[in-house]
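See structure below.
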Number of protein chains: 2
Amino acid sequence: MADYLAPLEDMNFVLNEHLDLAALAALPGYEDLSPDLAASILEEAGKLATNVLSPLNASGDRAGVKVHGDAEVATPPGFRDAYQQFTDAGWGSLQFDPDYGGQGLPFALAIPVQEMWHAANMAWGLCPLLSQGAIEALEVNASDELKTRYLPNMISGRWNGTMNLTEPQAGSDMATLRTRAERDGDHYRIYGQKIYITWGENDMTDNVVHLVLARLPDGPPGVKGISLFLVPKFIANEDGTLGARNDLQVLSVEHKLGVHGSPTCVMSYGENEGAIGFLVGQEHRGLACMFSMMNNARLTVGLQGVSIAERAYQLARDHALERKQGVAPGETEIGNIVKHPDVRRMLLTMRALTEASRAVAYVACASVDFRNKHPDPAVRALHDARSALLTPVVKGWCTEIGPEVASLGVQVHGGMGFIEETGAAQYLRDARILPIYEGTNGIQAMDLVERKTRLDKGAAVDSLITDMRAVIASANETGQPELQTMAGQMNEAVTALEQIKTRILTDSESDIYFAGSASFNYLMMMGVVCGGWQMLVASIAAAGRDASNSFTRNKLIIAAFYMDHILPRYLTHASAIESGSDSIMGLPEEAF
Amino acid sequence: MADYLAPLEDMNFVLNEHLDLAALAALPGYEDLSPDLAASILEEAGKLATNVLSPLNASGDRAGVKVHGDAEVATPPGFRDAYQQFTDAGWGSLQFDPDYGGQGLPFALAIPVQEMWHAANMAWGLCPLLSQGAIEALEVNASDELKTRYLPNMISGRWNGTMNLTEPQAGSDMATLRTRAERDGDHYRIYGQKIYITWGENDMTDNVVHLVLARLPDGPPGVKGISLFLVPKFIANEDGTLGARNDLQVLSVEHKLGVHGSPTCVMSYGENEGAIGFLVGQEHRGLACMFSMMNNARLTVGLQGVSIAERAYQLARDHALERKQGVAPGETEIGNIVKHPDVRRMLLTMRALTEASRAVAYVACASVDFRNKHPDPAVRALHDARSALLTPVVKGWCTEIGPEVASLGVQVHGGMGFIEETGAAQYLRDARILPIYEGTNGIQAMDLVERKTRLDKGAAVDSLITDMRAVIASANETGQPELQTMAGQMNEAVTALEQIKTRILTDSESDIYFAGSASFNYLMMMGVVCGGWQMLVASIAAAGRDASNSFTRNKLIIAAFYMDHILPRYLTHASAIESGSDSIMGLPEEAF
């Protein structure tokens, strides 16, 4: 099984050509950012990914995690050492607040680095991913005192963070959440059980800082009565050292399809005197605080789809170049299977989906940076809407791509793909969680259609379509036939997207089932058209470079494949949306 | 985890309305066949599936198979007893030759019964599936003496059969096969190693009858020098009792993604004095003999896709009816998730794909019966071409549906879907082998485009399209608006299919890469249009029944959903095919 190699040239291309690194570097605080700096950071991260994390991926999958009798979780051999190297080198602190030990780099630069961790070892990478979400929620919502006590150790990575939302009866719907909080002097006591707590307990960090949604006794019912609490395993002293052990513990870890190296914990709070919790933000406003952490977490979960796709592609490509079977068309003797058109179709689908989803994900993350830092309020507002619009697209579309590409990777291997030792099957197993966690893709689809499209009457979508049309115009202006062909393909897709948006705005008014019936197809259509938009951006950039350069030449070929083979998916989605809600709502419940 | 229940009403509907059971009963030898007989056979089979096989599915997955030190394979607890009940009741012998103990029933009737075995327990079901293939190859190709010695015990199920094709260097391409055979009096000696031998060794049957492809020293190179041999674990005496132990053994079993209860063996032949083998058919004509077993095996592997889809649907539906989350559109309080349009979309996609693929698979199998038994040579010829055309469609399309539906089943469960105890994940793991084995779907696609389309200049496809148009005309003649709508949708799809067929016939002549570039999309397009054809057949039958009957009413709703949401996939496939081979062949090999 080959080790993962970070696709540095592709990553640098996206940073420089897709999301305008120069514009990022012009933002206050990012003045040191340059293509060279970015490239050197990526190169260093790639070494850790290849040399340390990747070799632990298969072994971590086999070993899994175990709960000891004393409620401690043993992570797979090597994970702890790898994490030590990660924190020692400061990799966990890239994009965080320098006031608390962060390095203050753009989110968009942390993203390719994170892509590497998840490609190299997704189970391991979930630990820093969840920590990032908790850190962001605290940066935005916590009191200075809480920040001072907890953030430095979380940003350094010595302590990890978790998100505690789900309970057995409360999954996608938080309204029925039961974990309760009671006031107790300057803090609170937390009582309840949470499930699916990723890295909720482990032997890799010195402390686990849980962010827990719970209900105060006098809160209103439903989601408006939920508050957010910081509930640490060990309560931090004023100087940030470890104090008393809190009344919380792991009850069990789940036996899962994939990410075996990542402990998914059932956590119990307050079985004895009550777990001490500290309020984050205001009482009863917990869900808003949690969303400040969930939005970026959704982007990085989308990124995990890119990661696993990249890794699956690398393994399948290596196999296809090595494996000899059959005489391909135009050949006279048995050769490697990459010569067969249908194997090429699979590999190119994997690669085109990976490149397109990477570009869309990075561009969305850069939008978060512009939203946070740009001096012009109008630009900030534009990127506020843009990043909000793209968040469900990145989460939803890129996480559908992860399992699709991983499954193609299995297929390229033939019978070997079904054998666990090959490694391709693990990527599929690992990837299958992505469309589910951090808000199922059904939830993402509802977010896209309701809050990101209907709520602003399509304004953010219109703005995106305007940008897409500008790119189409630029492609046409190059005068190059192959770019004009792609521009024509994209133009049809964008026109269809605009029609579907109008259809959603109008028909949802007269048919209460329309939005929900259209939502998933709308999400996938938006994703595939966004992918085409970025492939056209790539093509324009590549066409402007030296045509004898094989890297840029190949970008054009992959983009053409995308337009021919991937983009036409919008036709099916549009047709399904246009059929309305009748055939979705028609079957009586008892007939299922 | 709910147990599987055979969908008897659906199965009987397909037998009676889709494939014309009355016409089957008019074939010589099938005179006893009636709707009542078929229904009672299905009902009995359903009991074994539900009560005996289904409860062993999850436990078999967990236990897996093990090789003992003495090269014996231990199957999961309960498998052997279940198999005993299966053979005692004569379930393995339904469609086989009465001269050797079979019951002489149509293949089309054995098919719903087999669907149940695979739905209830796919790992277990692989044992009779492979035996069926071996029996068919012997029925057609073996000498009377071999048949007399081996068939009765194989048909009864006391001995199981296997297919030995693959070697490490010879997978999809048999030309490089190395296992060798040497003449030794009235028999042969076999030497070599075979991999991926399903049920190659087990403790469930008394003997394993291997059909082995091997090369005689004087055979021509490539696939024309391959012969087929019967190589039993124990050599049968003249009276069919067990004789000497042969020189073959299992070396190891694979650690696979799924079907853990099914031993996938590495087999070694002739490590000592040479394994005794008996020629089946003629020397150097082994591949043709093997294909006589592989064609029906491909149909039944396609059927496994239907099976796993049905089971995944049942589990997801039960969950969706039970699980309460969120307030759906038009509702005032929290209800079960089946009320949400997007959950309906997933469940209806699962159900529509399952029903359509079931009908296509059964109809293809009935074509095999008509080909074998019909007194009119013209009808036999038509069904010879039709069954040959539909074989790669059933294998390719239905096995893509299996994992797709199983994956949707995981998604409907949300976080629980990723937890192994839920059971949904096992169906996905099990289903993932289907697009790979018995000829990868890439191979099926090449078979469809080359041998089943180009070789007869599209004649078999034209005949199929003519039949589809007749069904469209019938739907229009009902005068019922909903049927006419569906007929209109199908008409567009069939027109597109005809255009694509023409495009393939013409462009493949001028572009050696065209057929291979188009093949997979062509296979999927053919599958989805065939599914629409059968959904229209179902609709006409349903519309002709009592409209107040909820079963037939629901058939129309599912068919409408298929036309709205599934059939439009042809648009994407057609668009990709029309783009030609340029973007598939353009990327230089070193650029992958």
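Read the figures in this text as sums done on the coordinates, not as results from a lab. Quick caveat: nothing in here was measured; it's all calculated off a predicted structure. No Cβ is skipped: glycine too gets one built from the backbone with ideal geometry, and neighbour counts run over all protein chains shown.
Which whole-Hz couplings ³J(HN,Hα) result when phi for each residue of segment A:549-566 is put into the Karplus expression 6.51 cos²θ - 1.76 cosθ + 1.60, θ = phi - 60°, listed in order with x for Gly and Pro?
Values per residue, Gly and Pro as x: 6, 5, 4, 6, 4, 5, 4, 5, 5, 5, 5, 4, 4, 4, 5, 6, 10, 9 Hz.
Going by C-beta contacts inside 10 Å, put A:MET122, A:MET490 in order with the fewest on the left.
Going from least to most buried by this count: A:MET490, A:MET122.
Relative to the longest principal Cα axis of chain A, at what angle does helix A:481-510 sit, 0 to 90 degrees, rounded to 10?
Computed tilt is about 50 degrees.
Under a crude label model (7 Å from the Cα following the beta-carbon direction), how far is B:GLU283 from A:GLU420 in nanometres?
It is 4.6 nm.
Can you list the HN-Hα couplings for segment B:568-576, worked out from phi with the Karplus curve (6.51, -1.76, 1.60; θ = phi - 60°), rounded to whole Hz and with x for Gly and Pro?
Each residue of segment B:568-576 in turn: x, 4, 4, 4, 5, 4, 4, 4, 5 Hz.
Name the residue farthest towards the positive end of the dipole of chain B from the options B:LEU5, B:HIS210, B:GLY335, assuming +1 on Cβ of Lys and Arg, -1 on Cβ of Asp and Glu, about the Cα centre.
Checked the options; the winner is B:GLY335.
Treat every Asp and Glu Cβ in chain B as -1 and every Lys and Arg Cβ as +1, leave all other atoms uncharged, and give the resulting dipole magnitude about the Cα centre to the nearest 20 debye. All intermediate terms of the calculation are to be shown ahead of the outcome.
On the way: 46 positive and 72 negative charges, 136 e Å.
With only Lys, Arg, Asp and Glu charged at Cβ, the dipole is about 660 debye.
When the dipole is taken about the Cα centre of segment A:441-586, and only Lys, Arg (+1) and Asp, Glu (-1) are charged at their Cβ, what size is it in debye, to the nearest 20? Before the final figure, lay out the partial values.
Details: 11 positive and 16 negative charges, 81 e Å.
Magnitude of the dipole: close to 380 debye.
Rounding to the nearest 20 debye, state how big the charge dipole of segment A:30-120 is about its Cα centre with +1 on each Lys and Arg Cβ and -1 on each Asp and Glu Cβ. Show your work: numbers first, answer last.
Details: 4 positive and 13 negative charges, 105 e Å.
Computed charge dipole of segment A:30-120: roughly 500 debye.
If a/c stays under 1.5 just call it rounded; otherwise compare a/b with b/c (prolate if a/b is bigger, oblate if not). Do that for segment B:244-326, with a ≥ b ≥ c from the square roots of the Cα gyration tensor eigenvalues. Spell out each step's value before the answer.
Values: a/c = 5.20, a/b = 2.09, b/c = 2.49.
Here segment B:244-326 falls in the oblate category.
Remind me, relative contact order of segment B:361-424 in percent, using alpha carbon pairs under 8 angstrom and six or more residues apart? The partial results should precede the final answer.
Details: 41 pairs, mean separation 14.4, N = 64.
RCO, segment B:361-424: 23 percent.
Nm distances between the label at A:ALA288 and the same-position labels in the remaining copies, 7 Å along Cα→Cβ, shortest first?
8.0
Rounded if a/c is under 1.5, else prolate if a/b beats b/c, else oblate: with a ≥ b ≥ c from the C-alpha gyration tensor eigenvalues square-rooted, which is segment B:160-284? Write down the numbers at each step before the final one.
Working: a/c = 1.98, a/b = 1.09, b/c = 1.81.
Cα axes put segment B:160-284 in the oblate bin.
Could you name the lysines whose alpha carbon sits less than 24 Å from that of B:LYS373, not counting residues in the same chain fewer than 8 places away?
Excluding near neighbours in sequence, the set is B:LYS147, B:LYS395, B:LYS452.
Distance between Cα centroids, segment B:151-207 to segment B:374-424: provide it in whole Å.
Computed from Cα coordinates, the inter-centre distance equals 27 Å.
Measuring nothing but label to label, 7 Å from Cα along Cα→Cβ, what are B:LYS47's distances to the other copies in nm, shortest first?
When each copy's label point is compared with this one, the spacings are 7.1 nm.
Going by C-beta contacts inside 10 Å, put A:VAL327, A:VAL449 in order with the fewest on the left. Before the final figure, lay out each step's value.
Details: A:VAL327 15, A:VAL449 28.
Least to most surrounded, the residues fall as A:VAL327, A:VAL449.
Leaving out same-chain residues fewer than 8 places away, which lysines sit with a Cα under 17 Å from that of A:LYS324?
Straight-line reach from A:LYS324, under 17 Å: A:LYS339.
Mind sorting B:MET267, A:MET585 by how few other Cβ atoms lie within 10 Å of their own Cβ, fewest first?
On the way: B:MET267 26, A:MET585 21.
So the ranking, lowest neighbour count to highest, is A:MET585, B:MET267.
Mind running the shape call on segment A:441-586? Use the C-alpha gyration tensor, a ≥ b ≥ c as the square roots of the eigenvalues: rounded below 1.5 for a/c, prolate if a/b tops b/c, oblate otherwise.
Details: a/c = 2.76, a/b = 2.29, b/c = 1.21.
It comes out prolate by the Cα gyration axes.
Return the long-range amide H neighbours of B:SER143 (sequence gap of 5 or more, or a different chain), with a cut-off of under 5 Å between placed amide H atoms.
Distant-sequence amide H within range of B:SER143: B:GLY281.
For segment B:88-95, just list the computed ³J(HN,Hα) in residue order, Karplus coefficients 6.51, -1.76 and 1.60, θ = phi - 60°, integers in Hz, with x standing in for Gly and Pro.
Listing the rounded values in order: 4, 7, x, 5, x, 10, 3, 9 Hz.
Work from the charge dipole of the protein assembly as shown (Cβ charges, +1 for Lys and Arg, -1 for Asp and Glu, about the Cα centre) and give the residue of A:LEU248, B:GLY580, A:TYR196 farthest towards its positive end.
Value computed over the given set: B:GLY580.
Give the residue from B:MET122, A:LEU126, B:LEU382 lying farthest towards the positive end of the charge dipole for the protein assembly as shown; charges sit on Cβ (+1 for Lys and Arg, -1 for Asp and Glu) and the dipole is referred to the Cα centre.
My answer, from the dipole projection, is B:LEU382.
Return the aspartates and glutamates within reach of A:LYS66: Cα separation strictly under 14 angstrom, same-chain partners fewer than 8 residues apart disregarded; answer none if there are no such residues.
Cα-Cα hits under 14 Å: A:GLU201, A:ASP203, A:GLU254.
What length, rounded to one decimal in nm, is gained on full extension from A:ALA71 through to A:ILE334, with 0.36 nm per residue of separation minus their alpha-carbon distance? Write down the numbers at each step before the final one.
On the way: separation 263, 0.36 × 263 = 94.68 nm, distance 5.69 nm.
Roughly 89.0 nm would be gained on extension.
Computed FRET efficiency, Cβ-Cβ of B:ARG80 and A:LEU321, R0 60 Å: what is it to the nearest 0.05?
Details: r = 44 Å, r/R0 = 0.74.
So the FRET efficiency works out to roughly 0.85.
Find every distance from the label point of A:GLN169 to the corresponding label point in the other copies (7 Å from Cα along Cα→Cβ) and write them in nm, one decimal, shortest first.
Output for A:GLN169: 6.5 nm, nearest copy listed first.
Using only helices, what value at 222 nm comes out for chain B when you add -39,500 (n - 2.57) per DSSP H run of length 4 or more and divide by the total residues, to the nearest 500 deg cm²/dmol? Present the calculation step by step, with values, prior to reporting the outcome.
Working: 18 runs with 316 residues, N = 592.
Estimated from H runs of four or more residues: -18000 deg cm²/dmol.
List the residues whose amide H sits under 5 Å from the amide H of A:ILE226, counting only those 5 or more places along or on another chain, with H placed 1.01 Å from N in the peptide plane.
A:GLY286, A:LEU287
Where in segment B:188-215 does the label zone of B:ASP88 land, with the point 7 angstrom along Cα→C-beta and an amide N cut-off under 18 Å?
Residues B:204-206 qualify, since their backbone N sits under 18 Å from the label point.
Show the residues, 5+ positions off or on another chain, whose built amide H is closer than 5 Å to the amide H of B:LYS256.
A:GLU420
Please report, in whole Å³, the volume per residue of the convex hull around the C-alpha atoms of segment A:380-524.
Numbers: hull volume 21.3 nm³, N = 145.
So the per-residue Cα hull volume is 147 Å³.
For q = 0.11 Å⁻¹, what log10 I(q)/I(0) does chain A give under the Debye formula with an equal point scatterer on each alpha carbon and no solvent?
Values returned for q = 0.11 Å⁻¹ are -1.06.
How big is the gap, in Å, between the Cα center of segment A:280-331 and the Cα center of segment A:78-108?
Using only Cα atoms, the two centres lie 21 Å from each other.
If you average the alpha carbon positions of segment B:462-510 and of segment A:239-267, how far apart do those two centres end up, in angstrom?
If you average the Cα positions of each part, the centres end up 58 Å apart.
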